[in-house]
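**Student:** Just dropping this structure here.
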Amino acid sequence: MRSPPTIVIAGAGVVGLAVAALLATGRCADRLRVLVLEARPLPRFNPAEVDPRVYALSRASQRLLERVGVWPHIVSQRASAYRRMRVWEGEDAFAPSALDFDAADIGEADLGHIVEDNLLRTALAERLAVAANVEINVGAGVAAVRVEPGHVAVDLGNGGSIRGTVLLAADGGDSAVRKLLDLPVAEHVYGQTAVVTHVTSTASHRETAWQRFLPGGPLALLPLDDGRSSVVWSLPTADAERLLAASDAEFLAELAVASSSVLGDLTACTRRVGFPLKALHALRYAAPRAALVGDAAHTVHPLAGQGMNLGLLDADCVAAVLEDAVLAGEDPGDLKVLRRYERQRKGANLAMLTAFDALNRLFRLPATVAPLRALGLRAVDSAHPVKRLLMQHALGLRSGTESRSRWSRADSQA
Ligand SMILES: Cc1cc2nc3c(=O)[nH]c(=O)nc-3n(C[C@H](O)[C@H](O)[C@H](O)COP(=O)(O)OP(=O)(O)OC[C@H]3O[C@@H](n4cnc5c(N)ncnc54)[C@H](O)[C@@H]3O)c2cc1C
């Protein structure tokens, strides 16, 4: 009897684990083997401490996690629903030019949930531990890849080696697998670093995601379940380094001013972590016997909190394409199969990446264009159909469309 196709997934970040969970619970669970390779130890959820890495998950991401059976567990542990979002540019968060999104305006209970990285990964890994067709190999970073007739051979950093039918690169923005496969990218380093921490405040966050566009980059305050707020503050790297090295009191004083004191006084913060920011888009997502998913395919500015949400849409799409191929008796590693995934996701991801890149540039333009931006924000706020559309996009209830930009020009030159 022929052995079933093996889907090898490099990277047990949320996206890699989500692909594995979809294949473990999907239509071909008894007809596919899944092997997840992860270079580093898997993090464990710690109920006593909130992970510095949190994600604003869209409704589409929530539905995927519901489908693979982990959402109830996540919500029972810790997930913070946010019901409103306020976006502003000047000093006053409540100026007429500020944008206000309310879940009630589109008949939804919330605009999404803030969930910790280590909770997502723990929940997915526990789900996979009871899946008959999935194995997770930790400490097994991918070191070399060879595409050979009928299979892909993968050498591991720990000296082992395995064979698979398809290799999915879910190993993040600096994807070693993408480089080993020689898949080209268009890349822009922003010269910005995101400073991430959780802060305690005297005023309630009001279940609101607050976002201010500052000349150096956007500042986001995301509501946490325990009343604190998670800060993602993108700044020119020199300013970020100064704030990472400052005392807590100095940092909190600057943050209070930058956030227009919407949370009242800021009284404490957790350890600050810096993430250098770049935009990256792979010019091809598919190669013979291999495909890129999540940040390995596209890394976007965190200003709209969508990188993970886009990665989970990739996960959903690639799992469905692989299952369709198996059910149709096709070889799931065939380039023409993997291109179906590329065709469905690349345009949508490109449109989002282009929009976030343009927003970041727009708000970093000099103060002379501020009145024009204010006009634009006010126009969006009063144009209810446009606002509703934006909210549905952010929730993942609508998908993106193709766009033309330097990213797509690079694309056509590839
Ligand atoms: C400051 C900041 C805030 C953000 N906030 C949000 C948000 O609110 N909402 C949102 O949707 N997105 C957000 N994002 C984006 C989000 O973090 C990423 O899109 C997401 O983490 C990508 O997940 P991934 O699984 O593709 O990659 P990663 O999370 O990078 O995981 C990759 C995994 O691969 C492993 N690995 C690496 N190399 C190898 C190898 N050679 N072999 C095997 N394994 C390997 C790594 O150890 C890791 O476990 C934010 C990003 C930043 C920087």
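**Student:** Hey, in the GNM for the chain with a 10 angstrom Cα cutoff, which one of ALA24, ALA249, ALA286 fluctuates hardest?
**Tutor:** Maximum among the listed residues: ALA249.
**Student:** Right, here's the next one. Please identify, among GLU91, GLU38, GLU250, the residue showing maximal mean-square fluctuation in a Gaussian network model of the chain using a 10 angstrom Cα cutoff.
**Tutor:** Result for the chain, Cα springs under 10 Å: GLU250 fluctuates most.
**Student:** Could you work out [θ]222 nm for the chain from helices alone, using -39500 (n - 2.57) per DSSP H run of at least four and dividing by all its residues? Round to the nearest 500 deg cm²/dmol.
**Tutor:** -11500 deg cm²/dmol
**Student:** Right, something else. From the phi of every residue in segment 130-140, what ³J(HN,Hα) in whole Hz does the Karplus formula 6.51 cos²θ - 1.76 cosθ + 1.60 yield, where θ is phi - 60° and glycine or proline is x?
**Tutor:** Those phi angles translate into 9, 8, 5, 9, 10, 10, 10, 10, 8, x, 10 Hz.
**Student:** Also: Would you mind estimating how fast segment 1-140 diffuses translationally, via Stokes-Einstein at 4 °C and 1.567 mPa s with the Kirkwood radius over Cα pairs, in µm²/s?
**Tutor:** D, rounded to a whole number, is 76 µm²/s.
**Student:** In nanometres, what is the gap between the two model label sites at ASP92 and THR237, each 7 Å from Cα along Cα-to-Cβ?
**Tutor:** The two pseudo-label positions are separated by 3.8 nm.
**Student:** About the Cα centre, and with charges only on the beta carbon of Lys, Arg (+1) and Asp, Glu (-1), how big is the dipole of the chain? Nearest 20 debye, please. Mind showing how you got there, number by number?
**Tutor:** Working: 45 positive and 45 negative charges, 198 e Å.
Once rounded to the nearest 20, the dipole reads 960 debye.
**Student:** Here's something else I'd like to know. Between ALA351, ALA253, ALA170, find the one with the highest GNM mean-square fluctuation for the chain; connect C-alpha pairs within less than 10 Å.
**Tutor:** It is ALA253.
**Student:** Evaluate E = 1/(1 + (r/R0)^6) for ALA320 and ASP265, where r is the Cβ-Cβ distance and R0 equals 35 Å; express this FRET efficiency to the nearest 0.05.
**Tutor:** 0.10
**Student:** Using the Karplus curve 6.51 cos²θ - 1.76 cosθ + 1.60 with θ = phi - 60°, work out ³J(HN,Hα) for each residue of segment 266-278 in order, rounded to whole Hz, and write x for Gly and Pro.
**Tutor:** Values, residue by residue: 9, 10, 7, 9, 8, 3, 8, 10, x, 10, x, 10, 8 Hz.
**Student:** Turning to a different aspect of this structure: In what sequence, largest accessible area first, do CYS269, CYS28 appear using a 1.4 Å probe?
**Tutor:** Result of the area sort, largest leading: CYS269, CYS28.
**Student:** What distance in nm separates the two pseudo spin-label positions at LEU362 and ALA246, each 7 Å out from Cα along the beta-carbon direction?
**Tutor:** About 2.8 nm, to one decimal.
**Student:** If you don't mind, another one. If r is the Cβ-Cβ distance from ALA143 to GLU66 and R0 is 30 Å, what FRET efficiency results, to the nearest 0.05?
**Tutor:** After rounding to 0.05, the efficiency reads 0.25.
**Student:** Alpha carbon centre of segment 258-328 versus segment 154-229: separation in Å?
**Tutor:** Cα centroid to Cα centroid, the span is 6 Å.
**Student:** Express in Å², to the nearest 10, the accessible area of TRP71 obtained by rolling a 1.4 Å probe over the protein heavy atoms while all chains stay in place.
**Tutor:** 20
**Student:** So what J values fall out for segment 340-349 if you push phi through Karplus, 6.51 cos²θ - 1.76 cosθ + 1.60 with θ = phi - 60°, rounded to Hz, Gly and Pro as x?
**Tutor:** Once rounded to whole Hz, the list reads 4, 5, 4, 4, 6, 9, 5, x, 5, 5.
**Student:** Also, quick follow-up: With point charges of +1 on the Cβ of Lys and Arg and -1 on the Cβ of Asp and Glu, referenced to the Cα centre of the chain, which listed residue (LEU64, GLN211, ALA194) lies farthest in the positive direction of the dipole?
**Tutor:** After comparing all options, I get LEU64.
**Student:** What nm value, rounded to one decimal, do you get for the distance between ASP331 and GLU126 when each label is placed 7 Å out toward the C-beta?
**Tutor:** 4.1
The values are calculated or read from the model by the stated rules, or taken from the named source; none is laboratory data. Remember, predicted model here, so these are calculated numbers, not experimental data. Glycine gets a Cβ as well: all are built from the backbone with ideal geometry, and neighbour counts include every protein chain shown. Surface accessibility is based on the protein's heavy atoms, side chains included, excluding ligands, DNA and RNA. Shrake-Rupley method; radii C 1.70, N 1.55, O 1.52, S 1.80 Å.
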